[in-house]
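Peer 1: First the structure, then my questions, so here it is.
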């Protein structure tokens, strides 16, 4: 017996993946199949699959939507602030091979003219469909919580600087992280939203009374919650308590088990729930390259046992990939596979305004798919129906 739907009844499937455990918006389909045509999902069902030119059995493996990373600085030895577009493509390919079929290119703090040049360069890759947008993690950050950003490069968000960066992006600047306690920050939230960008709160030493006006103005994302923020205190919730408890805010979590203890991940994800939790990598150029010396925004980074650190001992991003984050969330932090799909695909798609295109396995969506084995190990990645 077959249970199937399709948005294009007369189309003929070019390929079919069958015998899979498919995570769909309506639950998990055992012995499920997905038919693909012209890079899109044609149908989803269980039981006997439709006839097609190519049918492959996944032998009971998991089939989940392609991962979406909204906070990533590089990989494969390359960073998104690189001078060469082709070298930047290396970073994209590195993450795509590990299941990230959609991503933002994140930039660290720098002088406004240099950031504008970097933004303009990345905008070409957005226009080519290689990136879903640009994320500016700075320079509008708190020096007290600078993390792996050069303190001397941090500044308040004046109108001219914000306008320069938005203009350089030609509509490609999709998210900007700022510290809400900075002079002009709340006004900048409105300016950024008017320019087509999401606003995230992060790298902040703010109190709750300084965070809430930015959220009221339209900030909707918490940049790597818990990290590079004033700690939670029982008499002053600060950014962590305020952002985690506000239903208007989606929270990023770096699930490498280094930035956050598994219990912290579990508490954050369970409190925010699947409709507000997004896993991110915050990955740097070292991702996929092994231990050694690297650079992030002009700062020297030493990677030992996969952990990137500055000379002062501060974490400098990660070497995480989304398939590992997915597995960590389930196997170590104790959340369900369905929760992991929501955090790595469905919710980030909604954050980016792309929920009608990507983020779930349903007819009409792009055939961005990841095959995982019983232990949630990566086995195959398809982007637009083709091997990534």
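The values are calculated or read from the model by the stated rules, or taken from the named source; none is laboratory data. What you see is a predicted model; the values in this text were computed from it and never measured. Quick reminder, even Gly has a Cβ in these numbers, built from the backbone with ideal geometry, and neighbours come from all protein chains shown.
Peer 1: Test each condition in (1) out of contact with any helix residue (DSSP H, G or I) (no Cβ under 7 Å at 6 or more places or on another chain); (2) without any contact (Cβ under 8 Å) to a residue 12 or more places away in the chain for residue 118 and report the one that comes out false.
Peer 2: Residue 118 satisfies all of (1) out of contact with any helix residue (DSSP H, G or I) (no Cβ under 7 Å at 6 or more places or on another chain); (2) without any contact (Cβ under 8 Å) to a residue 12 or more places away in the chain except (2).
Peer 1: Take the range 160-210 and flag every residue that is buried (at least 23 other Cβ atoms within 10 Å of the Cβ) and part of a strand (DSSP E or B).
Peer 2: Those that are buried (at least 23 other Cβ atoms within 10 Å of the Cβ) and part of a strand (DSSP E or B): 173, 175, 176, 177, 178, 198, 199, 200, 201, 204.
Peer 1: Another one. Among the residues of the range 213-237, what is the count of those that are buried (at least 17 other Cβ atoms within 10 Å of the Cβ) and closer than 19 Å to residue 276 by Cβ?
Peer 2: Adding up the residues that qualify gives 14.
Peer 1: Residue 151 passes all but one of (1) within 23 Å of residue 225 (Cα to Cα); (2) touching a helix residue (DSSP H, G or I) at 6+ places or on another chain (Cβ under 7 Å); (3) buried (at least 17 other Cβ atoms within 10 Å of the Cβ); which number fails?
Peer 2: Result: residue 151 fails condition (3) only.
Peer 1: Let me spell it out: the conditions are (1) in contact with a strand residue (DSSP E or B) (Cβ under 6 Å, 6 or more places away or on another chain); (2) over 20 Å from residue 107 (Cβ atoms), and residue 237 meets all of them except one. Which number is the exception?
Peer 2: Among (1) in contact with a strand residue (DSSP E or B) (Cβ under 6 Å, 6 or more places away or on another chain); (2) over 20 Å from residue 107 (Cβ atoms), residue 237 violates only (1).
Peer 1: Given the conditions (1) touching a residue at least 60 places away in the same chain (Cβ under 8 Å); (2) closer than 28 Å to residue 214 by Cα; (3) touching a strand residue (DSSP E or B) at 6+ places or on another chain (Cβ under 8 Å), report the number of the one that residue 275 does not fulfil.
Peer 2: (3)
Peer 1: Ok, one more. With the structure loaded, tell me whether residue 267 is within 22 Å of residue 337 (Cα to Cα) and at pLDDT 95 or above or whether it fails that test.
Peer 2: yes
Peer 1: Further question: Kindly evaluate residue 104 against the criterion of being closer than 23 Å to residue 256 by Cβ, in a strand (DSSP E or B) and in contact (Cβ under 8 Å) with a residue 24 or more places away in the chain.
Peer 2: It is true that residue 104 is closer than 23 Å to residue 256 by Cβ, in a strand (DSSP E or B) and in contact (Cβ under 8 Å) with a residue 24 or more places away in the chain.
Peer 1: Also, quick follow-up: Tally up the residues in the range 334-363 that are touching a helix residue (DSSP H, G or I) at 6+ places or on another chain (Cβ under 6 Å), part of a loop (DSSP other than H, G, I, E, B) and closer than 19 Å to residue 34 by Cβ, please.
Peer 2: 4
Peer 1: Another question, if that's okay. I'd like the residue in the range 129-148 that is surrounded by fewer than 19 Cβ atoms within 10 Å (Cβ to Cβ) and more than 19 Å from the chain's Cα centre (by Cα) and, out of all such residues, is farthest from residue 163 (Cα to Cα).
Peer 2: 144
Peer 1: Additional query: Restricting the search to the range 290-310, which residues are surrounded by fewer than 14 Cβ atoms within 10 Å (Cβ to Cβ) and under 21 Å from residue 139 (Cα atoms)?
Peer 2: Within the range 290-310, 298, 300 meet the criteria.
Peer 1: Given the structure, is residue 313 under 28 Å from residue 88 (Cα atoms) and out of contact with any strand residue (DSSP E or B) (no Cβ under 8 Å at 6 or more places or on another chain)?
Peer 2: yes
Peer 1: Is one or more of the residues making up the range 374-386 buried (at least 23 other Cβ atoms within 10 Å of the Cβ) and touching a helix residue (DSSP H, G or I) at 6+ places or on another chain (Cβ under 9 Å)?
Peer 2: No, the range 374-386 contains no residue that is buried (at least 23 other Cβ atoms within 10 Å of the Cβ) and touching a helix residue (DSSP H, G or I) at 6+ places or on another chain (Cβ under 9 Å).
Peer 1: Let me ask another. For the range 17-37, give me each residue that is over 16 Å from residue 362 (Cβ atoms) and either in a loop (DSSP other than H, G, I, E, B) or free of Cβ contacts under 8 Å to residues at least 40 places away in the same chain (or both).
Peer 2: Within the range 17-37, 30, 31 meet the criteria.
Peer 1: Kindly indicate whether any position in the range 89-103 is surrounded by fewer than 18 Cβ atoms within 10 Å (Cβ to Cβ) and on the phi > 0 side of the Ramachandran plot.
Peer 2: No; the residues of the range 89-103 include none that is surrounded by fewer than 18 Cβ atoms within 10 Å (Cβ to Cβ) and on the phi > 0 side of the Ramachandran plot.
Peer 1: Give the number of residues within the range 311-323 that are surrounded by fewer than 21 Cβ atoms within 10 Å (Cβ to Cβ) and touching a residue at least 24 places away in the same chain (Cβ under 8 Å).
Peer 2: 2
Peer 1: Right, next: Quick one: which of 156, 123 is buried (at least 20 other Cβ atoms within 10 Å of the Cβ), touching a residue at least 24 places away in the same chain (Cβ under 8 Å) and in contact with a helix residue (DSSP H, G or I) (Cβ under 9 Å, 6 or more places away or on another chain)?
Peer 2: The unique qualifying residue is 123.
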